[in-house]
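The values are calculated or read from the model by the stated rules, or taken from the named source; none is laboratory data. All of these numbers come straight from a predicted model, not from anything done at the bench. We place every Cβ from the backbone using ideal geometry, glycine too, and count neighbours over all the protein chains shown.
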Amino acid sequence: MKTWRIFLILIALAIFGSSCDKLFEDEQPTKSSMEGVWMVEKVVNEEGQDITNKVAFPIVGFHLSSDRTIISTAGPLIMYIVYGENKYTEIASKIDQVFNYTTLDFNGGEFFIGGGVQKNFTLEMKLEGLPGQKALTTLLEMIGIGNDYLDVVVYHKFHDISVEFYDDYNSMIWTIDEQTSAVYNTKDNYGNYVLWYGWPTNSFQKCQILLRKQVKDLKDLIRDYQ
């Protein structure tokens with residue numbers, strides 16, 4: 001009887017182990033899974049409020065390329081994350097004048113992630129007014145940024161953003177929480193990073209971002225929503 005019990009236990013462990021192996025085999029490398037065109041379906045702030053309509057002009061979209069570059073319509077979303085709910089409210093009426101994506105000009109950035117299956121990545125987004133710096137300067141002045149920090153381009157980098165997938169890798173969730181840290185830079189005339197002290201890096205807005213994979217490119221998506 002004991003022999004049969006041991007035999008059954010060994011079979012159960014073998015089946016369980018095989019299932020686990022299959023589970024890990026089915027997991028795709030995170031970087032390649034992130035690549036492509038994504039549209040933000042929902043942004044939920046730290047208080048659990050859906051603030052998607054506040055940051056979509058007309059949509060929030062990302063194109064993540066295999067070389068880690070990003071083009072996006074996420075300028076307003078990044079402004080919201082960097083400066084928080086209260087400051088963003090002060091400039092909300094001017095946002096669509098600065099980030100006018102109907103002209104099909106986009107904000108740039110990069111993402112950084114290790115090989116294989118990862119749980120976190122780094123997002124770097126450039127904030128610059130479209131079509132030029134003058135408009136963004138107006139927003140920064142409204143927020144209270146001093147003249148010494150009104151640089152042409154600010155690179156906002158967020159480390160350890162959680163990333164997870166579901167619905168067969170057609171949906172993705174980014175979570176910016178207490179594990180996430182930030183650093184803001186400009187670049188000198190040699191292209192080297194220089195720390196930007198125009199705004200504290202410990203006061204960014206925590207949020208969760210739900211993205212859905214798209215078959216169209218960003219330009220076509222924007223045209224659909226005009």
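What residue, among those in segment 66-93 that are surrounded by 19 or more Cβ atoms within 10 Å (Cβ to Cβ) and out of contact with any helix residue (DSSP H, G or I) (no Cβ under 7 Å at 6 or more places or on another chain), is nearest to Thr175 (Cα to Cα)?
Ile81
Among the numbered conditions (1) surrounded by 13 or more Cβ atoms within 10 Å (Cβ to Cβ); (2) of a type in the set (D, E, K, R); (3) at pLDDT below 95; (4) out of contact with any Pro (no Cβ under 9 Å at 6 or more places or on another chain), tell me where Lys134 comes up short.
(1) is the only condition that Lys134 fails.
Of the conditions (1) outside any strand (DSSP E or B); (2) modelled with pLDDT under 95; (3) out of contact with any Leu (no Cβ under 8 Å at 6 or more places or on another chain), Asp168 satisfies every one except a single condition; which number is it?
(2)
Looking for whichever is touching a Pro at 6+ places or on another chain (Cβ under 9 Å) and within 24 Å of Ile51 (Cα to Cα) here; the options are Ile222, Ile209, Ile161, Ile143. Which one fits?
Ile222
Return only the number of the condition from (1) among the aliphatic types (A, V, I, L, M); (2) within 15 Å of Glu124 (Cα to Cα); (3) touching a Gly at 6+ places or on another chain (Cβ under 6 Å) that Val82 does not satisfy.
(3)
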